[in-house]
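The values are calculated or read from the model by the stated rules, or taken from the named source; none is laboratory data. Predicted, not measured: the structure shown is a model, and the values here were computed from it. All Cβ positions, even for glycine, are placed from backbone atoms using ideal geometry, and neighbour counts span all protein chains on display.
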Ligand SMILES: [Zn+2]
């Protein structure tokens with residue numbers, strides 16, 4: 001059993017979109033799994049064994065509790081009942097409370113099909129009186145991660161501060177040498193991830209952020225979980241002038257030395 005399952009169509013989608021968040025979840029003590037719907041091959045410079053070896057190295061860096069790679073067809077992923085049931089069986093086996101998956105607006109057809117399949121499988125997994133393996137299960141929450149080939153800026157439902165984990169995220173992404181096979185492509189990957197990380201981080205006043213999207217309202221149990229919320233901030237702030245400091249400032253103002 002795990003707490004959080006991250007669904008990607010190809011090994012490297014999850015690393016690129018939410019490796020920082022996975023490292024954050026793991027530090028908080030949650031059990032995290034990754035489900036790749038396909039092995040991501042063929043690609044121009046990859047091979048199934050090589051891609052699996054890269055996947056395993058990245059998984060070790062992320063310290064995930066489970067990683068399953070299904071045998072659905074890379075490049076030809078389509079919505080069908082067999083595929084939905086295979087994904088639902090993984091949900092029934094791993095029993096996550098939260099699922100992260102692809103957003104269904106994307107240029108890559110695998111990503112759009114994978115998004116719909118993984119959303120449909122959430123409901124399918126709770127069916128009784130079926131031939132599927134495992135006991136019925138329904139994940140409480142489902143969000144979308146940012147693995148997207150479409151060049152759009154979506155409004156995130158929330159952004160996680162992954163500043164502490166950003167270098168390790170890059171390390172996990174670099175494992176996929178079959179995808180980033182020249183110095184230029186490696187540099188491009190780093191630039192894209194850094195640019196996005198800085199952009200989404202800036203929206204929450206953190207250095208690096210990873211965005212997540214939702215088609216449903218996002219609830220909080222406690223407002224204290226909001227990044228940037230510091231109850232008693234003003235009273236406790238060391239940067240506020242002391243009484244002596246205030247006297248100095250008043251004196252400087254009077255003497256025309258400040259402001
Ligand atoms: Zn992909």
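Scan segment 19-37 for residues that are part of a helix (DSSP H, G or I) and more than 18 Å from residue 145 (Cα to Cα) and jot them down.
27
Do we have any residue at all in segment 38-52 that's in a helix (DSSP H, G or I) and within 13 Å of the chain's Cα centre (by Cα)?
No: segment 38-52 contains no residue that is in a helix (DSSP H, G or I) and within 13 Å of the chain's Cα centre (by Cα).
Please go through segment 8-44 and pick out each residue that is free of Cβ contacts under 8 Å to residues at least 40 places away in the same chain, within 14 Å of the ligand (Cβ to nearest atom) and either outside the structural domain of residue 97 (by TED's automatic domain parsing) or touching a strand residue (DSSP E or B) at 6+ places or on another chain (Cβ under 6 Å) (or both).
34, 36, 39
Only residues in segment 133-161 that are closer than 23 Å to residue 110 by Cβ count as the first member; pair them with residues that are in a loop (DSSP other than H, G, I, E, B) and away from the ligand (no atom under 16 Å from the Cβ), Cβ under 6 angstrom, at least 6 apart or cross-chain, and list the lot.
Pairs that qualify, where the first residue is closer than 23 Å to residue 110 by Cβ and the partner is in a loop (DSSP other than H, G, I, E, B) and away from the ligand (no atom under 16 Å from the Cβ), are 139/96; 143/214.
Given the options 200, 176, 208, name the one that is in contact with a helix residue (DSSP H, G or I) (Cβ under 6 Å, 6 or more places away or on another chain) and within 23 Å of residue 225 (Cα to Cα).
On inspection, the qualifying residue turns out to be 208.
Which of (1) within 14 Å of the chain's Cα centre (by Cα); (2) crowded, with 21+ Cβ neighbours inside 10 Å; (3) more than 29 Å from residue 85 (Cα to Cα) is the odd one out, the single condition residue 156 does not satisfy?
Failed condition: (2).
Give the residue, chosen from 116, 122, 84, 92, that is surrounded by 15 or more Cβ atoms within 10 Å (Cβ to Cβ), within 16 Å of the ligand (Cβ to nearest atom), without any contact (Cβ under 8 Å) to a residue 60 or more places away in the chain and outside any loop (DSSP other than H, G, I, E, B).
Exactly one of 116, 122, 84, 92 is surrounded by 15 or more Cβ atoms within 10 Å (Cβ to Cβ), within 16 Å of the ligand (Cβ to nearest atom), without any contact (Cβ under 8 Å) to a residue 60 or more places away in the chain and outside any loop (DSSP other than H, G, I, E, B), namely 116.
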